[in-house]
1. At 1.4 Å probe size, what's the solvent-accessible area of Thr86? Round to the nearest 10 Å².
2. Need one number: nm distance between label points at Ser153 and Asn105, each 7 Å from Cα along Cα→Cβ, rounded to one decimal.
3. Can you give the net charge of the other residues whose Cβ lies under 13 Å from the Cβ of Asn142, counting K and R as +1 and D and E as -1?
4. Subtract the Cα-Cα distance of Val32 and Ala66 from 0.36 nm times their separation in residues, and report this length gain in nm to one decimal.
5. Given labels modelled 7 Å from the Cα in the Cβ direction, how far is it in nm from Ala140 to Ser97?
Amino acid sequence: MRHALGVILLFVMGSAQAALVDRGGGFIYDDVLDVTWLQDANYAQTAGFAAYGMMTWDTAVAWADALSVYDSVRDVTYDDWRLATTLQPDPSCSSQSGSDSYGLNCTGSEMGHLYNVDGGQLGLFTNLQSGYYWSGTEYATNTNGAWSFNFNSGLQSHYNKSDNLLYALAVRSGDVAAVPVPAAVWLFGSALGLLGWARRKAA
C-alpha cells in the first residue's frame with residue numbers, strides 16, 4: 001500500500017514540476033516563463049496565411065498581432081498573441097559582441113529557453129520546423145534586422161527583416177483559462193484519501 005501511494009505521489013510531483021504542460025486545445029504552457037505557446041509551430045501555413053509558413057519580419061509581426069485562436073477545451077478565443085522575445089544582452093549565449101548575444105546555449109530568450117531548457121519536451125509541438133523562426137525583437141545595432149532562432153541547430157542569430165523569409169511561432173503571456181480538476185490533482189486527492197483510509201484501518 002505504502003509503495004503504491006509513493007508511486008502515485010512521485011508521479012503527481014513529477015507532473016507538477018514539468019516545465020512544459022500540454023493544456024489541450026492546441027496550447028502548450030511553460031510554467032517557468034509563464035507563457036503559452038501555440039502547439040502548431042507552423043500555424044501560419046496550417047491556417048493558409050503563408051504557403052510554407054515563411055514570411056518577412058514585418059509580416060510575421062503583423063500576423064501574430066492579428067492572430068485569433070479559438071480554444072475548444074475552454075470555449076475561449078485568445079487574440080493577444082505575439083512573437084517570442086530575445087534577451088539582449090544574454091550572458092548565457094556562447095558568443096558575445098558588445099551588447100549583442102548570439103550563437104548557442106542562449107537560455108535568456110524565450111525560444112532559446114524552449115530549445116535549451118525544455119528541449120526534451122519539444123515533441124509536444126506539431127509542425128516544428130528545423131529552420132529559423134523570427135523573434136519579435138529588433139536587432140538594436142541595425143534596426144533593419146531582427147533576431148531569430150534555429151530549432152535545428154539551436155543557433156540564435158539575426159537576419160534582415162525584409163530580405164529573408166523565416167517561420168513564425170506564436171506565443172502569449174500567461175496561462176490559458178482554468179479547466180476542470182486535472183487528472184494529476186485527482187490522483188493526488190485519491191492518494192491522500194487512500195492514505196487516510198490506510199491509517200484508519202491500521203488504528
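The values are calculated or read from the model by the stated rules, or taken from the named source; none is laboratory data. Everything quoted here is computed from the prediction, not taken from an experiment. Cβ: placed from backbone, ideal geometry, glycine included. Neighbour counts: every protein chain shown. To get the accessible areas, we keep the full protein, side chains included, count just its heavy atoms, and leave off ligands, DNA and RNA. Shrake-Rupley method; radii C 1.70, N 1.55, O 1.52, S 1.80 Å.
1. Probe radius 1.4 Å; accessible area of Thr86 about 10 Å².
2. 1.7 nm
3. Net local charge, Asn142 excluded: -2.
4. Working it through step by step, the gained length comes to 9.6 nm.
5. Those two pseudo-labels are separated by 1.6 nm.
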